[in-house]
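What follows is a short report on a single structure.
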Amino acid sequence: MAAHKVILDESEMPTHWYNIVADMPNPPAPPMGPDGKPVGPEQMLQIFSMPILEQEMSAERWIAIPEPVREIYRLWRPSPLCRAERLEKALGTPAKIYYKNESVSPAGSHKPNSAVAQAYFNKQAGIKRMTTETGAGQWGSSLAFAAQMFEIELRIYMVKVSYEQKPFRRSMMQTWGAEVLASPTNLTQAGRNALARDPNNPGSLGLAISEAVEEAAGREDTKYGLGSVLNHVLLHQTVIGLEAKKQFEKINVYPDMIFAPCGGGSNFAGVAFPFFADKAAGKKVRLVAVEPSSCPTLTKGHYAYDYGDESGYTPIMLMYTLGHDFMPPSIHAGGLRYHGDSPLVSQLLKEGFIEALAVPQVATFAAGVQFARAEGIIPAPESNHAIRAVIDEALNCKKTGEPKVLFFNLSGHGHFDMASYDRYLAGKLEDYDYPEAEIAAALDRLPKLG
Ligand SMILES: *Cc1c(COP(=O)(O)O)cnc(C)c1O
């Protein structure tokens with residue numbers, strides 16, 4: 001058997017993040033106000049600190065990773081690049097399958113890569129408190145860990161259904177010292193409006209974002225942290241792909257196709273963007289974002305300006321969207337239930353540089369179980385989307401005899417998602433149809449420019 005892991009020394013960890021904006025053939029479309037004019041930094045400064053905003057708007061190719069951030073990264077980074085040879089054997093495929101294991105972070109996913117950076121830069125800017133939202137709890141727990149590392153107070157608006165259904169993610173956040181509230185709350189106007197409409201409102205990610213943003217905008221000492229979608233978050237995640245490139249170099253292998261699950265686009269960008277530079281220079285590498293067929297933003301959404309949150313507090317961004325008030329079915333991959341997608345990922349898809357595909361829920365769990373039985377690690381339901389696509393491609397290679405190199409991001413482990421695995425194993429998991437009528441209705445409510 002080939003070596004299973006490629007490990008980098010801590011001293012080989014990247015010193016800079018990669019900013020794809022420097023290499024994009026067309027500049028990214030700016031975020032806009034409802035008046036149809038690009039939003040100025042003043043508006044954004046209400047919720048983001050200056051260093052974060054500078055990164056958000058930067059076109060510099062390389063941005064230094066400060067030493068205090070690298071020090072925290074070293075608690076688990078560099079993460080291993082692994083060869084899934086036992087899975088290859090089980091599939092009987094000539095394809096070679098590799099994955100980057102991001103489940104080794106304290107929170108169990110890729111999300112701390114940005115959380116640590118955000119906490120650090122806010123601390124640098126003199127910020128004492130942060131707010132954020134969380135759905136399934138992955139982002140909340142990542143920022144709770146990061147805020148603790150840099151002694152920042154953190155309040156987390158957690159979507160009420162998840163607060164009730166995922167008590168252990170909540171205790172994780174509390175263990176790291178964060179305050180966790182079930183959203184909607186009566187502390188914000190957005191929350192009070194939602195509760196007035198429906199006292200039993202189960203909450204949604206878009207609504208929790210509205211609450212966290214509203215609080216940050218109203219307090220001088222408080223800024224907001226977002227776990228995906230925005231340019232600076234994607235930037236921080238590129239540490240994944242930069243490490244992977246070094247690891248592939250060490251074994252003299254180069255991937256033919258790269259897969260990642262796609263919710264807001266940050267782990268896809270993190271693993272794929274550093275390879276985009278090679279692609280732009282003529283290398284043949286296919287970059288594939290994999291999403292749920294029940295929340296098919298990239299494959300069935302509109303490329304249009306839309307809000308990032310339900311109440312319309314955020315600037316409007318040009319992206320693939322299902323409509324800001326579209327309520328996705330409550331699938332088990334909570335991290336992939338977002339109506340929009342990163343503007344950078346969206347633009348690269350629109351311009352044909354990357355690909356997207358959608359897979360149904362039950363098949364993703366089948367892939368996750370197959371992976372766990374071959375490789376040991378039980379993947380997060382989000383990661384199962386990439387694994388499904390990889391297994392399908394590997395089976396395709398079995399038919400054609402092509403020994404393709406397939407590489408995916410194992411974005412997290414599934415230890416807090418065993419209730420979902422239970423449903424799958426009991427044969428009770430369902431596929432949700434693409435809610436065509438609901439999406440069409442939500443698209444009618446996209447903001448009108450000007
Ligand atoms: C949040 C999450 C995702 C999806 O988020 P992106 O913004 O698309 O990266 C994927 N996998 C895991 C484990 C997550 O927690």
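The values are calculated or read from the model by the stated rules, or taken from the named source; none is laboratory data. Note that the coordinates shown come from a computational prediction; the quantities given were computed from them, not determined experimentally. All Cβ positions, glycine included, derive from the backbone under ideal geometry; neighbour counts span all protein chains shown.
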message = Checking the condition more than 16 Å from the ligand (Cβ to nearest atom), surrounded by fewer than 23 Cβ atoms within 10 Å (Cβ to Cβ) and in a strand (DSSP E or B), which residue from Ala182, Ala196 passes?
response = Ala182
request  = Would you mind finding the one in Ile63, Ile47, Ile127, Ile97 that is in contact (Cβ under 8 Å) with a residue 40 or more places away in the chain, of a type in the set (Val, Ile, Thr) and closer than 28 Å to Ala2 by Cα?
outcome  = Ile97
note = Within segment 108-135, of all residues that are within 12 Å of the ligand (Cβ to nearest atom) and farther than 25 Å from Pro184 by Cβ, the one surrounded by the most Cβ atoms within 10 Å (Cβ to Cβ) is His110
ask   = Across segment 408-433, what is the total count of residues that are within 16 Å of the ligand (Cβ to nearest atom) and touching a residue at least 60 places away in the same chain (Cβ under 8 Å)?
value = 11
key: Residue that is surrounded by the most Cβ atoms within 10 Å (Cβ to Cβ) [pool: residues in segment 199-211 that are part of a helix (DSSP H, G or I) and touching a Ser or Thr at 6+ places or on another chain (Cβ under 7 Å)]   = Ala208
Flag for Ala216 being in a helix (DSSP H, G or I), more than 13 Å from the ligand (Cβ to nearest atom), touching a Lys or Arg at 6+ places or on another chain (Cβ under 6 Å) and touching a residue at least 40 places away in the same chain (Cβ under 8 Å) = yes
query = Restricted to segment 292-331, and to residues that are within 12 Å of the ligand (Cβ to nearest atom) and of a type outside the set (Ser, Thr, Tyr), which residue is modelled with the lowest pLDDT?
reply = Cys295
request  = State whether one or more residues within segment 372-385 are under 17 Å from the mean Cα position of the chain (by Cα) and of a type in the set (Asp, Glu).
outcome  = yes
Conditions (1) touching a Phe, Trp or Tyr at 6+ places or on another chain (Cβ under 8 Å); (2) within 16 Å of the ligand (Cβ to nearest atom): number failed by Glu382 = (1)
remark   = How many residues of segment 136-166 are of a type in the set (Asp, Glu) and within 12 Å of the ligand (Cβ to nearest atom)? The answer is 0
note = Filtering segment 433-450 for residues that are outside any helix (DSSP H, G or I), surrounded by 10 or more Cβ atoms within 10 Å (Cβ to Cβ) and out of contact with any helix residue (DSSP H, G or I) (no Cβ under 7 Å at 6 or more places or on another chain) leaves a count of 6
query = When residues of segment 342-358 are filtered for being surrounded by fewer than 22 Cβ atoms within 10 Å (Cβ to Cβ) and outside any helix (DSSP H, G or I), how many remain?
reply = 6
task = Would you mind telling me which numbered condition in (1) within 15 Å of Gly335 (Cβ to Cβ); (2) without any contact (Cβ under 8 Å) to a residue 24 or more places away in the chain; (3) among the charged types (D, E, K, R) Glu249 fails?
result = (1)
ask   = From the list Glu56, Glu88, which residue is in contact (Cβ under 8 Å) with a residue 60 or more places away in the chain, among the charged types (D, E, K, R), more than 19 Å from Ala386 (Cα to Cα) and assigned to a helix (DSSP H, G or I)?
value = Glu56
